[in-house]
Amino acid sequence: AAAPDPHDFLAVDGTLSPEERDIRDAVRDFATRELLPHVADWFEAGTIPDPRGLAKTFGDLGVFGMHLEGYGCAGASAVAYGLACRELEAADSGLRSFVSVQGSLAMAAIHKFGSEEQKTGWLPRMAAGEALGCFGLTEPDSGSDPGSMRTRARRDGSDWVLDGTKMWITNGTIADVAVVWAATDDGIRGFLVPAGTPGFTANVVHHKLSLRASITAELVLEGVRLPGDALLPGTRGLGSALSCLNEARYGIVWGVVGSARASYTAARDYALTREQFGSPIAGFQLTQRKLADMLVDVNQAGLTALQIGRLKDQGDCHRDHVSFGKFANVAAAQRVARTARSIHGANGITLEYPVLRHMLNLETVATYEGTEEIHALSLGQSVTGISAFR
Ligand code: TGC
Ligand code: FAD
């Protein structure tokens with residue numbers, strides 16, 4: 001047998017179909033050409049300077065809602081979508097998030113729960129990157145426990161009136177439509193709130209030290225009056241919102257493999273060229289131990305993502321599989337990023353190299369879409385049958 005490839009040690013990508021490989025290559029080329037040259041500057045600036053232009057290029061690439069069927073979406077396999085997330089997050093977690101929020105949260109909510117008019121009105125434009133969506137579930141006082149939300153939607157004749165505040169909402173200030181989850185007399189339901197509706201404002205969250213190449217916002221709803229057809233009619237309780245999260249969490253399972261791979265690759269390259277005590281630091285046993293640890297994490301995380309993707313394509317992926325992947329792979333990526341940063345010495349704390357940027361981004365990735373603790377509790381519940389959330 002041939003010696004293993006340091007960049008795909010377990011030959012995980014060797015099992016991909018030609019179609020999956022084409023998607024991987026197309027997104028990897030795009031990320032290398034269009035994203036990587038700019039992302040450190042965007043991170044430093046704490047924003048994405050031209051989010052509309054970026055949305056259009058993502059639309060042209062076909063990654064918005066690429067796993068959804070119909071309405072201008074590509075209907076790609078779960079593995080193909082995962083590969084796209086992996087290649088985007090190898091550039092930056094914030095850029096994968098841009099695509100996750102659009103495709104797996106906002107578009108998925110409309111696709112799963114929307115009326116035919118809502119689907120035809122929004123999804124083709126969102127797939128093309130001509131319209132942007134955001135997903136408002138979290139509130140200042142309801143993060144891990146979204147069932148405790150205070151945002152209310154009450155009936156007034158045939159209208160709905162929404163009051164409340166959503167917090168930490170990705171793309172909140174640039175979205176054309178917000179999917180807002182609110183408590184009604186009939187349980188938690190989802191609503192489509194178009195930007196510019198009177199009483200609806202969005203404010204950028206400043207001073208983030210993580211996921212800086214991403215726009216994060218507070219949404220304020222003060223007596224926001226919406227027509228009856230703003231309700232996503234298929235939504236029924238918190239479970240509807242959580243079912244969208246499964247889709248975005250699945251993208252993270254793959255995405256962080258890209259982030260980990262980028263950190264490992266940077267560390268290997270650096271270790272082979274940086275010399276101290278008269279030889280490359282890659283020749284020191286302690287560095288080789290670090291490279292071996294990173295190699296194992298990157299490849300095991302990659303296998304986990306692929307297996308969960310194959311289960312999803314077979315229709316056998318349970319939400320607890322997704323929790324397993326999010327829990328295991330984010331922690332693996334965090335270990336890799338931290339180790340890769342140490343190999344870079346002082347250079348590792350700058351934006352000249354990607355390692356600290358990935359490490360800082362992963363603090364957000366470990367927090368959103370269910371914290372590490374929440375997924376640990378989901379796994380604990382899965383294997384014991386006992387809930388320890390409360
Ligand atoms: P619980 O009583 O367990 O469940 C309520 C109903 O929901 C069902 N359910 C799910 N359904 C689908 N998928 C899941 N993952 C589900 N988890 C639960 C459940 O069966 C039940 O249905 P029913 O019919 O019996 O009513 O609810 P709980 O209040 O005890 O909470 C459970 C918990 C803690 C697991 C859940 O609330 C949770 O996942 N919390 C974490 C919140 C979170 O992840 N927020 C993310 C916000 S969005 C975001 O971060 C975007 S980041 C940008 C990006 O993705 O890039
Ligand atoms: P809390 O829930 O207050 O948790 C604080 C700590 O307590 C954590 O360590 C947590 O694990 C722990 N904890 C909580 N409950 C338990 C328990 N039962 N047992 C043990 N430990 C527990 N949300 C959206 O709706 N849409 C978005 O687009 C979005 N984008 C985001 C972008 C960024 C950059 C960030 C940082 C967050 C985003 N979020 C978004 C919010 C994110 O989903 C929440 O931050 C997350 O769900 C955690 O909620 P919290 O921050 O309120 O933490």
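log₁₀ I(q)/I(0) of the stretch 274-322 at q = 0.28, 0.31 Å⁻¹, via Debye over equal Cα point scatterers, no solvent, to two decimals? Log-scaled intensity ratios, in q order: -0.95, -1.02.
Computed from phi, the 3J(HN,Hα) profile of the stretch 57-69 under the Karplus parametrisation 6.51, -1.76, 1.60 (θ = phi - 60°) reads 5, 5, x, 5, 5, x, 9, 6, x, 5, 8, 8, 9 Hz, with x in place of Gly and Pro.
On a 0 to 90° scale, report how tilted helix 18-30 is relative to the longest principal axis of the chain, with both axes built from alpha carbons and the result rounded to the nearest 10. Tilt of helix 18-30: around 90 degrees. Any idea how far the Cα center of the stretch 102-120 sits from the one of the stretch 9-34, in Å? Using only Cα atoms, the two centres lie 28 Å from each other.
Length available on full extension from GLN288 to GLU372: 0.36 nm per residue minus the Cα-Cα distance, which gives 27.4 nm. Centroid-to-centroid, using Cα positions, the stretch 227-264 and the stretch 269-348 are 24 Å apart. Measure up LYS208/LYS326; LYS112/LYS166; LYS290/LYS326; LYS166/LYS326; LYS56/LYS290 against 29 Å on the Cα-Cα distance and list the ones that go over. Correct reply: LYS56/LYS290.
Fewest-first ordering of HIS111, HIS321 by other beta carbons within 10 Å of each residue's beta carbon gives HIS321, HIS111.
Judged by the mean number of other Cβ atoms found within 10 Å, the most tightly packed of the peptides 131-138, 93-100 leads the ranking 93-100, 131-138.
Remark: C-alpha extents of the chain on the principal axes read 79, 43, 42 Å, sorted largest to smallest. Straightening the chain between HIS318 and ASP163 buys 52.4 nm, computed as 0.36 nm per residue apart minus the Cα-Cα spacing. For the stretch 1-89, pairs of C-alpha atoms spaced more than 19 angstrom apart make up 49 percent of the total. Ordering ALA31, SER323, VAL204 by the projection of their Cα atoms onto the charge dipole of the chain, which places +1 on the Cβ of Lys and Arg and -1 on the Cβ of Asp and Glu, puts SER323 at the extreme positive end. Could you list, bin by bin from short to long, the percent of Cα-Cα pairs of the stretch 1-155 in 5 Å steps? Spelled out per bin, shortest first, that is 2, 8, 15, 18, 17, 14, 12, 7, 3, 2, 1, 0, 0, 0. Sorting the segments 72-84, 195-207 by their mean number of nearby beta carbons within 10 angstrom, highest to lowest, gives 72-84, 195-207. Report the GluC sites (Glu not before Pro) located in the stretch 25-120 that are in a DSSP loop and have at most 13 other Cβ atoms inside 10 Å of their Cβ, or state none. Sparse-neighbourhood loop GluC sites (Glu not before Pro): GLU69. On a per residue basis, the convex hull of the C-alpha atoms belonging to the stretch 67-164 measures out at 133 Å³.
Between ASP156 and LEU16, the modelled labels are 5.2 nm apart [label points 7 Å from Cα along Cα→Cβ]. Panel note: the C-alpha atoms of the stretch 95-246, placed on their principal axes, show extents of 44, 34, 30 Å (largest first).
Would you mind working out the magnitude of the charge dipole of the stretch 1-137 relative to its Cα centre, with +1 at each Lys and Arg C-beta and -1 at each Asp and Glu C-beta, to the nearest 20 Debye?
Numbers: 11 positive and 20 negative charges, 79 e Å.
Dipole magnitude for the stretch 1-137 comes out near 380 debye.
Kirkwood radius and radius of gyration were both taken over the C-alpha atoms of the stretch 212-334, and their ratio Rg/Rh is 1.19. Around the Cα centre of the chain, unit charges on the Cβ atoms of Lys, Arg, Asp and Glu (plus for the first two, minus for the last two) sum to a dipole of about 600 debye.
Its residues counted as N, the stretch 178-269 yields a C-alpha radius of gyration over 2.2 N^0.38 Å of 1.48.
Taken together, the values in this text are just the output of simple stated rules run on the coordinates, not laboratory data. Keep in mind it's a predicted model, so treat the numbers as computed, not measured. In this analysis, Cβ positions are derived from the backbone assuming ideal geometry, glycine residues included, and neighbour counts consider all displayed protein chains.
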